[in-house]
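> What follows is a structure written as structure tokens; I'll ask about it next.
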Amino acid sequence: MTGMSAPETLLPGALRGRLSFALSRLGALARQECADQLAAAGLSQHQHAILCCLDEYGPACQKDIALRLGIDAGDIVAFIDGLQAKGLARRERDERDRRRQIVSVTASGKRTLRKAERMLDAAEPGILAALTEAERGELRRWAARILAGQEPAGWTEPGA
């Protein structure tokens with residue numbers, strides 16, 4: 001455009017000065033970086049979350065996994081189908097309620113999860129590389145504190 005003195009890529013000051021805009025942009029960049037790392041391990045972000053859930057909390061029915069992770073109950077079926085097709089998770093009928101499917105992580109799923117976690121750890125600084133390790137830790141604590149205020153059940157350890 002004619003008459004513009006700022007570089008064409010410079011965002012308007014009203015946006016640059018808005019924390020919610022900056023956090024939204026940062027979140028999008030972090031999400032994409034995470035998705036790229038997980039794709040290299042053969043997982044989607046939802047599949048990774050499901051494996052993390054099963055690894056930490058043990059076998060669970062699909063409905064409970066969906067509720068814990070905030071994934072639509074209809075969508076979780078496809079994510080678990082993908083994990084099962086790769087041999088990373090298995091479904092078994094609940095002996096107490098034959099209508100329910102209990103999902104558990106397989107040994108291969110645990111290995112894949114460990115590999116994905118190592119990849120994510122190695123890439124962790126990524127877009128936050130401009131911050132020191134201590135600053136990233138501080139940012140992580142602030143983010144967890146804000147999220148705990150918004151979603152206490154998902155971010156606050158019992159008894160904390």
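> Filter the stretch 7-47 for residues that are more than 25 Å from Q84 (Cβ to Cβ) and acidic (D, E) and give the result.
Matches in the stretch 7-47: E8, E33.
> Can you name the residue in the stretch 128-138 that is open to solvent by 60 Å² or more (accessible area, probe 1.4 Å) and assigned to a helix (DSSP H, G or I) and is also modelled with the lowest pLDDT among such residues?
E133
> Here's something else I'd like to know. Quick one: P152 ticks every box in (1) in contact with a strand residue (DSSP E or B) (Cβ under 9 Å, 6 or more places away or on another chain); (2) more than 22 Å from A41 (Cβ to Cβ); (3) open to solvent by 40 Å² or more (accessible area, probe 1.4 Å) except a single one, so which number is it?
Looking at each condition in turn, P152 falls short on (1).
> A further question on this structure: Anything in the stretch 19-35 that is more than 21 Å from D121 (Cα to Cα) and touching a helix residue (DSSP H, G or I) at 6+ places or on another chain (Cβ under 8 Å)? List them, or say none.
Across the stretch 19-35, the qualifying residues are F21, A22.
> Please give the number of the condition R25 fails out of (1) within 16 Å of the chain's Cα centre (by Cα); (2) free of Cβ contacts under 8 Å to residues at least 24 places away in the same chain; (3) more than 16 Å from R114 (Cα to Cα).
(1)
> Let me ask something else. Quick check on my filter: what residues within the stretch 69-88 are of a type outside the set (G, A, S) and over 16 Å from H48 (Cβ atoms)?
D72, V77
> Residue check, A60 against (1) of a type in the set (A, V, I, L, M, F, W, C); (2) free of Cβ contacts under 8 Å to residues at least 60 places away in the same chain; (3) out of contact with any Cys (no Cβ under 9 Å at 6 or more places or on another chain), all met but one. Which one?
The single condition A60 does not satisfy is (3).
The values are calculated or read from the model by the stated rules, or taken from the named source; none is laboratory data. A quick note: this is a predicted structure, and the numbers were derived from the prediction, not measured. In this analysis, Cβ positions are derived from the backbone assuming ideal geometry, glycine residues included, and neighbour counts consider all displayed protein chains. Surface accessibility is based on the protein's heavy atoms, side chains included, excluding ligands, DNA and RNA. Shrake-Rupley method; radii C 1.70, N 1.55, O 1.52, S 1.80 Å.
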